[in-house]
Each structure stands twice: as C-alpha cells, then as structure tokens.
Amino acid sequence: MTDHPSTYKGQDCHRPGIQWDDRASLHHVGDGDGVLDAAKGLRNGTFADLVNHMMLMPEHERKDYYIEKLGDREYHASEVEELSKRDDFPRS
C-alpha cells in the first residue's frame with residue numbers, strides 16, 4: 001500500500017492518477033464519523049479491494065455504505081460505481 005516517504009526531503013511523493021493500492025476502509029452511512037471513526041470501519045483493505053467489494057453487493061444495498069480512503073476522502077455508491085468502470089481499475 002502506498003504511503004508518503006518517511007525520509008527527509010523525500011522525492012516523488014505525488015503520483016498522478018488514482019492510487020488503487022492506498023489504504024481504505026468500508027463504513028456504514030451515518031456511522032457518525034468523530035474521534036473513533038477509524039474504529040467504526042467494517043472492512044479494511046486497498047482502495048481497489050473495497051471498490052470491488054462494494055460492486056459485489058446488491059445494487060440496492062450499496063447506497064448504505066461508503067469507502068473512506070486514506071486522507072479522509074469519502075466515496076459513496078454512485079462514485080464507486082463510476083470508478084469500477086474505469087479502464088485503469090485493477091480487475092481481479
């Protein structure tokens with residue numbers, strides 16, 4: 001999984017495109033965020049793994065979940081569906 005380098009004056013911290021191997025967690029919509037947000041994750045893995053997991057859910061259930069990617073960026077059902085259709089999405 002990608003992380004920023006921990007070295008002093010590290011180079012190449014930013015890579016263009018979607019980082020499919022970033023850390024992410026699956027959350028239930030309305031779980032309250034807050035200080036204990038990380039503990040409320042239902043499943044952890046790479047961003048690609050969780051996009052794939054959500055796409056395996058029945059379509060009517062997807063709206064009840066979202067993916068929180070490293071850095072507190074949330075991806076809800078409609079956006080996850082669009083991401084799964086991208087040419088660069090790593091299909092398993």
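Where a number appears in this text, it was derived from the coordinates with a stated rule and is not lab data. Fair warning: this is a prediction, and the values are worked out from it, not measured in the lab. Quick reminder, even Gly has a Cβ in these numbers, built from the backbone with ideal geometry, and neighbours come from all protein chains shown.
Brief remarks on what is shown
- Scanning residues 5 or more positions from ARG43 or on other chains, those with amide H under 5 Å from its amide H are LEU26, with H placed 1.01 Å from N in the peptide plane.
- Cα gyration tensor shape for region 23-84, rounded if a/c is under 1.5, else prolate or oblate: prolate
- In order through region 59-74: 3J(HN,Hα) via Karplus (6.51 cos²θ - 1.76 cosθ + 1.60), integer Hz, x for Gly, Pro: 4, 6, 8, 4, 5, 8, 9, 8, 9, 9, 8, 2, x, 6, 8, 9
- Label-to-label distance, nm, for residues given as ASP31 and ASN44 (7 Å Cα→Cβ offset): 1.2
- Test item: Cα-centred dipole of region 37-92, Lys/Arg +1 and Asp/Glu -1 on Cβ, debye: 140
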